[in-house]
Every structure is written in C-alpha cells, then in structure tokens.
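Presented below is the structure to which this report refers.
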Amino acid sequence: MNIRAWAVLGATLCVGCGGVKRCLYEGLGRDDWQKPDEVVALLDIREGGSVADLGAGGGYFTFRLADAVGDSGRVYAVDVDESMVAYLRERAGREGRENVEVVLGTFDDPQLPDGEIDLLFTSNTYHHIQNRADYFERVLGDLAPNGRVAIVEFDESGGWFARHFGHHTGKASIVEEMQQAGYRLAHDHEVLDRQSFLIFAPQD
C-alpha cells in the first residue's frame with residue numbers, strides 16, 4: 001500500500017467519510033493552486049447578488065462567495081450529498097452566516113428558485129453531472145436576467161486524485177456541451193494550472 005493509500009485509510013478512521021471527502025477534494029495546499037481569491041475576483045460578483053455554489057462540498061468557495069455578496073446578498077450552497085449538506089448547515093449556523101442557504105439538490109435539478117440566480121458557480125463538480133447538456137438547459141430557468149454560469153473544472157493535467165479517478169473534463173467538451181444547453185462562452189480565464197475556468201452566458 002502506497003503513502004497516499006495509507007493517508008486516505010488513516011483519514012477515514014480518524015474523521016469519517018464526510019471528512020475524507022472534504023480532504024480529498026481540497027487536498028494539501030489547495031489555496032496555492034486553486035487561487036480562490038483570484039477566482040472570486042474574476043467572477044465580478046456584485047454586492048447584494050444571488051449566487052449558487054453547485055456541488056458546494058465542505059464550503060471551500062461557499063463562504064468566500066458569501067463574503068462577496070455581502071449581508072444583503074444570498075448564496076445557495078447546493079449539494080446532493082446529505083453528509084455535506086449537514087456539515088454546511090452546521091458550519092453556516094456556527095459562523096452566523098445568515099446569507100448562506102443550504103440546499104439538498106437532486107442529480108437532475110439543483111432545486112434553485114426560478115429566475116433569481118445571478119451567478120451559478122461550480123468548482124470540480126462538472127464531471128459528476130450526468131446528461132450535462134440537459135441539466136444546464138434546465139438551469140437556464142433558474143438564472144436571473146443577465147445571469148451567468150461559471151465552471152471551474154480539472155482538466156487532464158489536474159492533481160493526482162483527478163487523474164487517478166477520472167475526475168476531470170476537457171475544456172473543449174465543456175464548451176460543446178454548454179453550447180448544446182443554450183449558452184455561449186463569455187470568458188476563458190487561463191489563470192489556473194490544473195483547471196479550466198470558463199464563464200458562460202445564455203445565448204442571445
């Protein structure tokens with residue numbers, strides 16, 4: 001058994017399944033390669049806005065997004081994993097984050113309010129979604145006027161977890177599927193070494 005396998009086993013025994021999921025996705029030194037402050041700045045979020053964090057996990061981006069929208073805004077932290085949802089609710093309550101609403105989504109619908117989302121953001125989640133063109137076509141109904149979708153996704157050069165477990169999607173595939181869903185590519189931010197960072201707007 002190699003060092004990584006021992007590390008995962010040890011983490012499982014110590015912190016349980018939910019904790020392992022958070023550790024595997026966040027990894028060691030994530031702030032260095034994820035550049036969260038730069039990512040959030042490039043999202044150009046307005047104070048008072050309504051943002052959805054799709055596949056929120058342990059809230060790595062959720063609470064940064066909550067800071068960006070301010071007390072008058074709202075972040076919908078969406079996940080299909082009940083253990084992650086429970087953790088997010090506990091953390092939001094513990095930190096007094098009244099502008100964070102935790103949502104248990106389904107595999108075919110994020111369960112967001114229709115026509116209210118200024119920005120749907122998702123990081124390292126796109127590859128988990130089945131029938132992605134259909135999924136994001138339904139998301140069109142959740143977007144507010146001038147709403148956008150931002151996708152940060154591991155590419156083939158992603159970290160060891162992404163490479164070994166197939167948790168990545170090529171940029172060309174994302175663009176093609178989002179076009180099928182009714183979007184156009186608005187921005188391609190080439191600032192991340194392991195991931196693509198694409199922002200889409202509904203087609204005119």
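Laboratory data are not the source of any read-out in this text; all were calculated from the coordinates shown. Source: prediction; values computed, not measured. With ideal geometry, Cβ positions are generated from the backbone for all residues, glycine too; neighbour counts draw on all protein chains shown.
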Give the peptides 147-155, 110-118, 60-68 in descending order of average Cβ contacts within 10 Å, highest first.
147-155, 60-68, 110-118
What does the highest-first list of 90-99, 38-47 look like by mean Cβ count within 10 Å?
38-47, 90-99
Can you bin segment 31-202 into rounded, prolate or oblate? Criterion: square roots of the alpha carbon gyration tensor eigenvalues sorted a ≥ b ≥ c, rounded for a/c under 1.5, prolate for a/b above b/c, oblate for the rest.
rounded
Taking θ as phi - 60°, what are the ³J(HN,Hα) couplings along segment 171-188 by the Karplus curve (6.51, -1.76, 1.60), each to the nearest whole Hz, with x for Gly and Pro?
4, 4, 5, 4, 4, 5, 5, 5, 5, 4, 7, x, 10, 10, 6, 9, 8, 10
I need the phi-derived Karplus couplings for segment 93-99: 6.51 cos²θ - 1.76 cosθ + 1.60, θ = phi - 60°, integer Hz, Gly and Pro marked x.
x, 5, 8, x, 8, 6, 8
Between Leu120 and residues 5 or more places away or on another chain, the pairs with built amide H atoms under 5 Å apart involve Ala52, Arg148, Val149, Ala150
Over segment 31-202, what is the relative contact order in percent, taking alpha-carbon pairs closer than 8 angstrom and at least six residues apart?
18 percent
